[in-house]
Amino acid sequence: MAEDYSQRDFFTNNAIMPGDLQSYRSAQPIGGVVTTNLDKVLNLARANSIWPALFGLACCAIEMMATSAPRFDIARFGSEVFRASPRQADLMIVAGRVSAKMAPAVRQIWEQMPEPKWVIAMGACASCGGVFNNYAIVQGVDMIIPVDVYVAGCPPTPEALIEGVRILQDRITAGEPQPQDPKEYMPEVVRDPNFGRHA
Ligand code: SF4
């Protein structure tokens, strides 16, 4: 006679006695239960659908363009939708040196982006001024906007930028706190219309 496998424990394959059946069934969960909270789900969604602003300042921007081309294909990480309007973007990749004249425009574009938003400083110039240690170049874009990830190199390779995006994704998924807005600790620098210009 064929055995009745429907009366066996799924994990141990031991037979379940008729008397045990009722208590066995009542001990099992009725269905799968997913335990998480809304923040975790939102952070996961945000991390995997980052929309960068279409924004390049100098030579590093060429590498940023290559990052979205087929060979490197940033679409593999959900970040290929470069937006021409800051109001549709949540990531600013500062790709290149920031001149003092451009600084107020960079700040304005960042302010026009909706929350939550993130910034990657791509390359030596955006991160710290690079080789341009002079009055015309902002010595690190973190003097005017908060930077989440710094990508080293002159220029950084597309792989390095993708690594920066991956690090940012990990931070967003983990819900890590964002850096402080420089306006809060250097208001005189950020608000100065002549920032970086010498008299
Ligand atoms: S880091 Fe190098 S490649 Fe990038 S903007 Fe500066 S000089 Fe150009």
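Taken residue by residue, region 164-185 has at least one member that is at pLDDT 95 or above and within 16 Å of the ligand (Cβ to nearest atom).
For region 102-128, filtering for residues that are more than 16 Å from the ligand (Cβ to nearest atom) and in a loop (DSSP other than H, G, I, E, B) leaves 5. Taken as a whole, the condition of being more than 27 Å from PHE72 (Cα to Cα) and not in a helix (DSSP H, G or I) applies to GLU176. When residues in region 48-97 are screened for being hydrophobic (A, V, I, L, M, F, W, C) and more than 16 Å from the ligand (Cβ to nearest atom), 14 of them pass. Set side by side, the residues VAL131, VAL141 differ, and just one is closer than 22 Å to PRO187 by Cα, within 12 Å of the ligand (Cβ to nearest atom) and either aromatic (Phe, Trp, Tyr) or without any contact (Cβ under 8 Å) to a residue 60 or more places away in the chain (or both), which is VAL141.
When region 128-148 is filtered for residues that are of a type outside the set (Val, Ile, Thr) and at pLDDT 95 or above, the ones remaining, listed by number, are PRO146, ASP148.
The values are calculated or read from the model by the stated rules, or taken from the named source; none is laboratory data. Since this is a predicted model, take the numbers as computed values, not measurements. Here the Cβ is made from the backbone with ideal geometry for all residues, glycine too, and neighbour counts use every protein chain on show.
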